[in-house]
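Chemist: Sharing a structure here in structure tokens format.
The values are calculated or read from the model by the stated rules, or taken from the named source; none is laboratory data. On a predicted model such as this, the values are computed, not experimentally measured, just so you know. Cβ atoms come from the backbone with ideal geometry, glycine included; neighbour counts cover every protein chain shown.
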């Protein structure tokens, strides 16, 4: 009996121990479960926050991209504008440079024209200007004789030794241009500018002091390398019309007065001797 | 600033002034003018030049004779020569270049073209 009860109490004790272990294990499981719930809750919270932050960041980056794209567009537009301005400046520079060169030509021509009071030298300078600055190969300077109303060649270049007849004021292309006091330019294409026709010249430039015509410059043929008149040529023609006329007129007057002065001086010397 | 000495040989005072006017735009340029070939040779014997610019049609000694004489002179034969002339035909150009000219510019001259040629030669010397 005692043996049986001892065995039963041993089994009860073993069962209680197993039960205690089961209780302890259950407690541990519950704790673990609690911990896991807490971790899950934490992760859920972090995950929620991360989503918000990510979306914010994406929006922020999209805004930045938009801003940079706009800035880029503005810069590209500005670059284009500056490039256009640059081109414009370059064109302006070329224009100013050309204008500068034209002015230099005009200055030199005008300076040379007024550098002498010798009639033949004035004629020589006009020939030089027409040949070197304009590029004429055959041309002449004709002076108007107010008594006969005829234009006579006083200087020529490239026209040979053959004598050329005088031209009546109002007659033919040359006479008509001189009478009108307006420059004549033969119409036609640029290749036509090199043809030689002494009755129908390429250009007739009346030499005028105010409205008074004293002569003409007549161009018959251009140099082989000269294709057409340029803008500066027309400026030179305008300048020659006035300045060459003044230079020729004043040098002629000066030569005449010099001759008269010499005559008077000789006459005075003779009187003194007597 | 480097100094550039130019000898302008032209019988026409108008052209001499115009060429000198253009050359003055090159910094450090010093220009000596001669009215014909003989005058040019005299000036060459007393001074050193970087470039000679010469016309062809001149009294006493023309430009082609001058080019030929300079090229046959052991002292001056290397000086670059630019011919500036009214003779614009191809055969004239070939003749000038065959004699030893470095460049050939027909009149009427364009300042930009003249300066371009001069600067090219000066650049080549440097």
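Listed here are the residues, each with its yes/no results for (1) closer than 17 Å to residue A:219 by Cβ; (2) touching a helix residue (DSSP H, G or I) at 6+ places or on another chain (Cβ under 8 Å); (3) in a helix (DSSP H, G or I); (4) not assigned by TED's automatic domain parsing to the domain that holds residue A:98.
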| position | (1), (2), (3), (4) |
| --- | --- |
| A:234 | yes, no, yes, yes |
| A:240 | yes, yes, yes, yes |
| A:256 | no, no, yes, yes |
| A:271 | no, no, yes, yes |
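Chemist: Another one. When the residues of segment B:81-103 are narrowed to those that are closer than 16 Å to residue B:6 by Cα and buried (at least 20 other Cβ atoms within 10 Å of the Cβ), which ends up farthest from the other protein chains (Cβ to nearest Cβ)? First the steps, then the outcome.
Modeler: Step one: filter segment B:81-103 for residues closer than 16 Å to residue B:6 by Cα, giving B:81-84, B:101-103.
Within this subset, residues satisfying the condition of being buried (at least 20 other Cβ atoms within 10 Å of the Cβ) are B:81-84, B:101, B:103.
On the way: B:81: 19, B:82: 16, B:83: 13, B:84: 9, B:101: 16, B:103: 15 Å.
Looking at residues that are closer than 16 Å to residue B:6 by Cα and buried (at least 20 other Cβ atoms within 10 Å of the Cβ), I get B:81.
Chemist: Quick one: in segment A:128-140, of everything that is in a helix (DSSP H, G or I) and within 9 Å of chain B (Cβ to nearest Cβ), which residue is farthest from the chain's Cα centre (by Cα)? Don't jump to the end; show me each part of the working.
Modeler: In the first step, residues of segment A:128-140 are kept if they are in a helix (DSSP H, G or I); the result is A:128-134.
Next, only the ones that are within 9 Å of chain B (Cβ to nearest Cβ) stay: A:128-129, A:131-134.
Values: A:128: 31, A:129: 28, A:131: 29, A:132: 26, A:133: 23, A:134: 24 Å.
Ranking the candidates gives A:128 first.
Chemist: Right, here's the next one. Answer yes or no as to whether residue A:120 is modelled with pLDDT of 85 or more and assigned by TED's automatic domain parsing to the domain that holds residue A:132. Spell out how you get there, then give the answer.
Modeler: Numbers: modelled with pLDDT of 85 or more: yes; assigned by TED's automatic domain parsing to the domain that holds residue A:132: yes.
Yes.
Chemist: Among (1) under 28 Å from residue B:110 (Cβ atoms); (2) in contact (Cβ under 8 Å) with a residue 40 or more places away in the chain; (3) outside any helix (DSSP H, G or I), there is one condition residue A:227 misses while meeting the rest; what is its number?
Modeler: (2)
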